[in-house]
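Novice: Below are the structure tokens for one structure; questions will follow.
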Amino acid sequence: LAMEQVVTSDVAVADAFARIEVLAHRLLDWQDYRIWRLQAGEPRLVWRASSVVSIPRADGAADGAALRREVLESGHPVVIADAEADPRASDTPSGIRSVVVFPLRFGDRYVGLLELQHHKRGAYREKDIALVRRFANQLATTLHIDGLRQPLLDAVSRVSTQLETLTDSARALRSGGESVARTVADITRGVAEESEQLERSRDVTNALHDATAVVARD
């Protein structure tokens, strides 16, 4: 129930990974815990935790690649009870005896892998694998939701950028409009001044006409 609440809550994917890990670690033990996301068909490490501290990482890890390939090709989980005696785990780090690689699948689509490593032989029994399957489903749902959310976040980012561009354009238009308004005001004042000058010129012309008429009569 707590894991379901994490999946349905509106938290960042890293926070969801951390909370699910804490809940799972109450029931399972491990020396290394990794979450891989499939990108273009290749696993990319997105979360890694030791038995002491959780460290989100984006870098890859070379060890265990053969087991991950096997799980991706078969679609079935791989459980290694003794890595030293199993040739499939030849690239497992020294000191690791038990390994679980579980596919993260949402519906009919694979979204990633979950990998657990332990220093004890046969650390993961049937009941443990059932528990791994339970919280692997929660991780798969989390990855799927994050995959759906990311395009929305990208779209919001693009819209925000476009709005900033429109705002800048509106400011430029406003500045241009103010400049045009000032120019129109200057032209209006100039027309008013010319009208006054024409009015005075007309008065002078009328006075000159009257004086000329008087001279003509004389």
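Novice: Only one of these is open to solvent by 80 Å² or more (accessible area, probe 1.4 Å) and either at pLDDT below 80 or under 30 Å from Gly107 (Cα atoms) (or both): Val180, Val204, Val215, Val156. Name it. Walk me through it before giving the result.
Specialist: On the way: Val180 fails: either at pLDDT below 80 or under 30 Å from Gly107 (Cα atoms) (or both); Val204 fails: either at pLDDT below 80 or under 30 Å from Gly107 (Cα atoms) (or both); Val215 fails: either at pLDDT below 80 or under 30 Å from Gly107 (Cα atoms) (or both).
After applying the criteria, what remains is Val156.
Novice: Among the residues of segment 79-90, what is the count of those that are of a type outside the set (Gly, Ala, Ser), in a loop (DSSP other than H, G, I, E, B) and open to solvent by less than 40 Å² (accessible area, probe 1.4 Å)? Quick ask: steps written out before the conclusion?
Specialist: Within segment 79-90, the first condition is being of a type outside the set (Gly, Ala, Ser), and the residues that meet it are 79-80, 82, 84, 86-88.
Checking the rest, the ones that are also in a loop (DSSP other than H, G, I, E, B) come to 82, 84, 86.
Adding the requirement that they be open to solvent by less than 40 Å² (accessible area, probe 1.4 Å) leaves 82, 86.
Matching residues across segment 79-90 total 2.
Novice: Related question: What do you reckon, is Ser54 loosely packed, with under 15 Cβ neighbours inside 10 Å, modelled with pLDDT under 90 and hydroxyl-bearing (Ser, Thr, Tyr)?
Specialist: No.
Novice: Do we find a residue being of a type in the set (A, V, I, L, M, F, W, C) and in a helix (DSSP H, G or I) anywhere in segment 115-128? I'd like the intermediate steps shown before the answer.
Specialist: Step one: list which residues in segment 115-128 are of a type in the set (A, V, I, L, M, F, W, C), which gives 116, 123.
Of the ones still in play, those that are also in a helix (DSSP H, G or I) are none.
For segment 115-128, residues of a type in the set (A, V, I, L, M, F, W, C) and in a helix (DSSP H, G or I): absent.
Novice: State whether one or more residues within segment 66-78 are open to solvent by 30 Å² or more (accessible area, probe 1.4 Å), at pLDDT 85 or above and within 18 Å of His144 (Cβ to Cβ).
Specialist: Start the filter on segment 66-78 by keeping residues that are open to solvent by 30 Å² or more (accessible area, probe 1.4 Å), which leaves 66, 69-70, 72-74, 76-77.
Adding the requirement that they be at pLDDT 85 or above leaves 66, 69-70, 72-74, 76-77.
Then keep just the ones that are within 18 Å of His144 (Cβ to Cβ); that gives 72.
Yes, segment 66-78 contains at least one residue that is open to solvent by 30 Å² or more (accessible area, probe 1.4 Å), at pLDDT 85 or above and within 18 Å of His144 (Cβ to Cβ).
Novice: Any residue in segment 93-115 that is small (Gly, Ala, Ser), closer than 17 Å to Arg34 by Cβ, touching a Phe, Trp or Tyr at 6+ places or on another chain (Cβ under 8 Å) and in contact (Cβ under 8 Å) with a residue 60 or more places away in the chain? If you could, list the steps in order and put the result at the bottom.
Specialist: Filtering segment 93-115 for residues small (Gly, Ala, Ser) gives 94-95, 98, 107, 112.
Applying the additional criterion that residues be closer than 17 Å to Arg34 by Cβ yields 95, 98, 112.
This time we only want the ones that are touching a Phe, Trp or Tyr at 6+ places or on another chain (Cβ under 8 Å), so: 98, 112.
From the residues that got through so far, the ones that are in contact (Cβ under 8 Å) with a residue 60 or more places away in the chain too are 112.
Looking through segment 93-115, at least one residue is small (Gly, Ala, Ser), closer than 17 Å to Arg34 by Cβ, touching a Phe, Trp or Tyr at 6+ places or on another chain (Cβ under 8 Å) and in contact (Cβ under 8 Å) with a residue 60 or more places away in the chain.
Novice: Is there a residue in segment 131-139 that is open to solvent by 100 Å² or more (accessible area, probe 1.4 Å) and either closer than 30 Å to Val78 by Cα or under 46 Å from the mean Cα position of the chain (by Cα) (or both)? Talk me through it step by step, then tell me what you get.
Specialist: Keep residues of segment 131-139 that are open to solvent by 100 Å² or more (accessible area, probe 1.4 Å), which gives 133-134.
Filter again for either closer than 30 Å to Val78 by Cα or under 46 Å from the mean Cα position of the chain (by Cα) (or both), leaving 133-134.
Within segment 131-139, one or more residues are open to solvent by 100 Å² or more (accessible area, probe 1.4 Å) and either closer than 30 Å to Val78 by Cα or under 46 Å from the mean Cα position of the chain (by Cα) (or both).
The values are calculated or read from the model by the stated rules, or taken from the named source; none is laboratory data. Note that this is a predicted model, so its numbers are computed, not measured. All Cβ positions, even for glycine, are placed from backbone atoms using ideal geometry, and neighbour counts span all protein chains on display. The protein model used for the area step is the full one, side chains on, heavy atoms only, and it has no ligands, DNA or RNA in it. Shrake-Rupley method; radii C 1.70, N 1.55, O 1.52, S 1.80 Å.
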